[in-house]
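Here the structure comes first, spelled out in structure tokens, and everything after it is commentary.
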Amino acid sequence: MSDTATSDALPKPKRDLLPVLLPAAFALLMLPLVGSASSWATLLAASLAMGMMIFIMASGLTLVFGLMDVLNFGHGAFIAVGAYIATLVFLPLAGWSQADSLLTNLAVLVPAAVLAMGVTALLGLFVERVLILPVYGQHLKQILMTTGGLIVAEQTLYALWGPQIIPMPLPASLRGSFIFGEVAVAKYRLLAMLVGLAVFIAIQLVLNRTKIGLLIRAGVENREMVEALGYRIRRLFLGVFMVGAALAGLGGVMWGLYREQVHASIGDELTVLVFIVVIIGGLGSVGGCFIGALLVAMVANFGGFLVPKLALVSNILLMVAILMWRPRGLYAVTSR
Amino acid sequence: MSDLLTLTGVHTHIGRYHILQGVDFAVPEGQVTMLLGRNGAGKTTTLRTVMGLWPASRGEIVLAGERIEAGTTPDIARRGVGYVPESMAVFSDLTVRENLVLGARDRDLDDARLDWIFGFFPALKRFWLSRAGSLSGGQKQMLSIARAIVEPRKLLLIDEPTKGLAPAIVMALIECLKEIKRRGATILMVEQNFHAARELGDTVLVMDNGAIVHRGAMADLAADVALQERLLGLSLETHQ
Amino acid sequence: MMILSGDPPRSRLLAVLLIVIVAMLVLTPWLFPGAKAMNVAVKICIFAVLVASYDLLLGYTGTVSFAHTMFYGIGSYAVAIALYAMGPSWAAIGTGIVVGLPMAMLLALAIGLFSLRVAAIFFAMITLAVASAFQVLASQMSWLTGGEDGRTFRLPELLRPGTVLIDKSAFGFEINGRTLTYYLVFVVSALLILALLRVVNSPFGRVLQAIRENPFRAEALGYRTVFHLTYANCIAATVAACAGVLNALWLRYVGPDTSLAFSIMLDILLMVVIGGMGTIYGAIIGAGIFIIAQNYLQTLMGAASSAAADAGLPLLPGLLHPDRWLLWLGLLFIASVYFFPTGVVGRLRRPKAGAA
């Protein structure tokens, strides 16, 4: 393609970088408050790891909303189901998981994650067809239907697995920490960061470099025109919904390992965090969701360290502050 | 010459409003058919109904011998209909290139065809990698048309392309559309600018109150000032 | 009823149903003086108020709030803390009300002004976040709220079970402080529901419905939608707080599980949808059906579950376990949103819609 044409005539569109600087500024601000550099670094690592996990769970929700104006209140169910499915692999293969070999450990971890994602993707297919399609375009009913779906999913998990907490210990080679000078970073946190970053990059690549990604971005802006160009956006939406569900499932597996236990209530627990992240980021914006997840995790970790009493309320304060500044979140994508 | 598109007794409701009240017309293949009429007559609704964006509540729409009134928008588009909506609807978050990539549904962008398009709209080449949102109104209109013709289409539905554009750009647009027509496209176009309509149109339809009130050759209407006055009132004079 | 069953007007059936429920509630202390029946009856009264006030939001304005239990909890905690701290006096109850209701209203005002201004969809998410934060706050501030254990307190002399007002010898039943509390709850609940009925049938209520049907049109007609929605939110919150006060008075205890838990929010949603959104009457029907099911259906499920276990069927015992009753209600909820979104009342009021 010849694109040597002069493109100097137009000013480059101004990138809105302020939100990007926010997490960095926040982290730096915390340094003098925390005092010790090594605890600061540990807290930062914890924030990044937690932020990445929340981002993985939230990214699907925000895309689904952006593309089709569908708000899935049952998104947390995918998280919980993902975590439970992982126990199906982890518990029978506990020997491999606790063996002192990275390769054997991965032979448990990877299939567990893949299976969890596969099952949650299929569950996503079912939810989209049964709960969302019939009430498409009606917000009120969508919220009610998906909330009902959350109840049913959670209760089914209790019925199948019982109400007790299921332990899911970390594979042996992911225990312990890497030591960088005075700073200890838990191996699993590093892994969580890497996976989160990989998911973020993968989403960005798909959105910016593939035709499907173009269609998603175009659909977020003008669904009707995408259809008028001859693309079946409903199928695209179903695909995005399933991928979002699978990512939530992956997030659930990672969260379960992070906590080393699984319980059906993680769905409810994380739904709130995920919602706050999605609102902060701006409904529909993946980049905003990424920054929102980092901010929420930082506020939770640093806030928990500095003012333990404020830990969970701090997220609300963060949300209020962000919405005061930008009423539609950091990056307002849709005009809806 | 056969008709590419025919509408028979088409009614469209939007909410409680009965917009199209029995629309009948045919669009002959290889011709440019102009759809004229005052604001609110139902012109845009007609195009949207053909495109399947608003469902016809009654009547028949036949494209190339097949009924399409129950089809979904993507299916209708895939039968070879290109649509340039009134609001242009370029994807402002995407670059010019990305907009055209989406216009090319079936294959990759074709360099020869792109050069042909750049011949009419050099601005698109200049701003190839710029965000469509940063283009001017005229450039967006060019992009919107280019997106509809970046692959050959049987039928183009174009909604008021000259609206709000500077005269020089209108001239370029008319040239482009003439060229597209010469290449054998069939066009159904809504237009308020009578000058542009006269330049391009072969046949003309005039709508009022959700129905066709006049149909005939463009040349006849262009020659008959009294008829213009009666059918179109002053609404078109202002654009001359 | 036998004679009318040929072709009774559906609304008449609804009227009969309501009369039966109300009559049962009035007569409960005489007919079923046991503690369980009284508890069920009180719960129906209180939840009817809570659900009716929620219906003002969900049914009449079409906004989904997940913070309704928070307001309910504020009412409960305000009275409980006052009674706990000031001792069992009427002044304490008064203080609790004077502090609790305005607090609920102001918080509703703040949330409304903050989130309704942007988009209705935000409202649902933000209320969910705020409510969960409040729940955490309540369990963390244990010096005030008693934390997870909650607070147990005593009522003024007159309302205590030990206070015998009319001896058994007079009517054959004893009327004591507990009976009095029961009727206090019943009467206040009835008044609140009548007040809500008044609100939704006022011009204000009609504006709310106009907003629900078409917010843009309502705005174009000159109604400030944000103002009206926030106002409705404040009324709903205040009434919910009143229900919370009643709840605390009856239980003589307040804790996160009885007044703040997210499961109560889900219960309210289920009741309003099953009863019928946008009807107020649906609240009474929904609360009645739901609470009776909650208390008696579980026994039935327990029997079915053990029967299935005895028969050696797989899965079924787990699915039918009494603790899983919410699973079935969840399915019922989805089915009702889908198949009869107008709920029981909507069905009864519309004679055409299929054979009942």
* Take region C:261-276 and flag every residue that is more than 9 Å from every other protein chain (Cβ to nearest Cβ) and more than 22 Å from C:I74 (Cα to Cα). => C:I274, C:G275, C:G276
* Do the conditions hold for B:L109, that is, is it in contact (Cβ under 8 Å) with a residue 40 or more places away in the chain, of a type in the set (A, V, I, L, M, F, W, C) and either in contact with a Pro (Cβ under 6 Å, 6 or more places away or on another chain) or not in a helix (DSSP H, G or I) (or both)? -> yes
* Which one of the conditions (1) modelled with pLDDT of 80 or more; (2) surrounded by fewer than 19 Cβ atoms within 10 Å (Cβ to Cβ); (3) touching a Gly at 6+ places or on another chain (Cβ under 9 Å) does C:W328 fail to meet, given that it meets all the rest? -> (3)
* To do: Would you confirm whether any residue within region A:157-164 is closer than 29 Å to C:F262 by Cβ, touching a Lys or Arg at 6+ places or on another chain (Cβ under 9 Å) and touching a residue at least 24 places away in the same chain (Cβ under 8 Å)?
  => yes
* Structure fact -> If we keep only residues of region A:281-316 that are facing chain C (nearest Cβ under 10 Å) and surrounded by 24 or more Cβ atoms within 10 Å (Cβ to Cβ), then the residue farthest from the chain's Cα centre (by Cα) is A:N315
* Structure fact -> Going through region B:53-72 in order, the residues found to be in a loop (DSSP other than H, G, I, E, B) and either touching a residue at least 60 places away in the same chain (Cβ under 8 Å) or under 15 Å from B:I158 (Cα atoms) (or both) are B:L53, B:A64
* Asked: Out of (1) closer than 26 Å to B:V10 by Cα; (2) surrounded by 15 or more Cβ atoms within 10 Å (Cβ to Cβ); (3) modelled with pLDDT under 90, the odd one out for B:L177 is which?
  -> (1)
* Whichever residue in region C:234-263 is touching an Asp or Glu at 6+ places or on another chain (Cβ under 9 Å) and in a helix (DSSP H, G or I) and, among such residues, is nearest to C:G330 (Cα to Cα) -> C:S263
* Structure fact -> Expected single match for more than 14 Å from chain A (Cβ to nearest Cβ) and out of contact with any strand residue (DSSP E or B) (no Cβ under 9 Å at 6 or more places or on another chain) among C:L300, C:L320, C:L332, C:L313 is C:L300
* Residues of region B:73-89 being in a loop (DSSP other than H, G, I, E, B) and acidic (D, E), which ones? -> B:E86
* **Count of region B:165-181 residues which are out of contact with any helix residue (DSSP H, G or I) (no Cβ under 6 Å at 6 or more places or on another chain) and in a loop (DSSP other than H, G, I, E, B)** => 1
* In this structure, does B:V62 turn out to be within 17 Å of the chain's Cα centre (by Cα) and more than 7 Å from chain A (Cβ to nearest Cβ)? -> no
* Asked: Only one residue in A:L144, A:L160 is more than 21 Å from A:G252 (Cβ to Cβ) and of a type outside the set (F, W, Y). Which one?
  -> A:L144
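State all residues of region B:182-195 that are assigned to a helix (DSSP H, G or I) and under 19 Å from B:R215 (Cβ atoms); if no residue qualifies, say none.
Result: B:F194, single match.
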* List the helices (runs of 4 or more DSSP H) that sit entirely inside region A:157-270 and contain at least 1 residues that are within 23 Å of A:V127 (Cβ to Cβ), away from chain B (no Cβ under 14 Å) and of a type outside the set (A, V, I, L, M, F, W, C). => A:233-259
* To do: Those residues that are closer than 23 Å to A:G267 by Cβ and surrounded by fewer than 20 Cβ atoms within 10 Å (Cβ to Cβ), I need them from region C:265-297; list them, please.
  => C:Q294
* Exactly one condition in (1) touching a residue at least 60 places away in the same chain (Cβ under 8 Å); (2) loosely packed, with under 13 Cβ neighbours inside 10 Å; (3) farther than 30 Å from C:A261 by Cα is not met by C:F173; state its number. => (2)
* Structure fact -> If we keep only residues of region B:75-92 that are under 20 Å from B:K125 (Cβ atoms) and at the interface with chain A (Cβ under 7 Å from one of its Cβ atoms), then the residue modelled with the lowest pLDDT is B:S92
* Considering each of A:R129, A:R189 in turn, give the residue that is out of contact with any Ser or Thr (no Cβ under 6 Å at 6 or more places or on another chain) and buried (at least 18 other Cβ atoms within 10 Å of the Cβ). => A:R189
* Selection from region C:300-353 of residues that are closer than 30 Å to C:I19 by Cβ and hydroxyl-bearing (S, T, Y) -> C:S336, C:T342
* Asked: Going by the structure shown, is B:W116 more than 9 Å from every other protein chain (Cβ to nearest Cβ), on the phi < 0 side of the Ramachandran plot and in contact with a helix residue (DSSP H, G or I) (Cβ under 7 Å, 6 or more places away or on another chain)?
  -> no
* Asked: Any residue at all in region B:129-140 that is at the interface with chain A (Cβ under 9 Å from one of its Cβ atoms) and within 30 Å of B:H13 (Cβ to Cβ)?
  -> no
* With B:G42, B:G30 as the choices, which residue is closer than 16 Å to B:R153 by Cα and away from chain A (no Cβ under 14 Å)? -> B:G30
* Given the conditions (1) at the interface with chain A (Cβ under 10 Å from one of its Cβ atoms); (2) in contact with a strand residue (DSSP E or B) (Cβ under 8 Å, 6 or more places away or on another chain); (3) surrounded by fewer than 16 Cβ atoms within 10 Å (Cβ to Cβ); (4) among the polar types (S, T, N, Q), report the number of the one that B:T95 does not fulfil. => (3)
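The values are calculated or read from the model by the stated rules, or taken from the named source; none is laboratory data. From a predicted model like this one, the values you see are computed outputs, not experimental measurements. Glycine also receives a Cβ, built like all others from the backbone with ideal geometry; neighbour counts cover every protein chain displayed.
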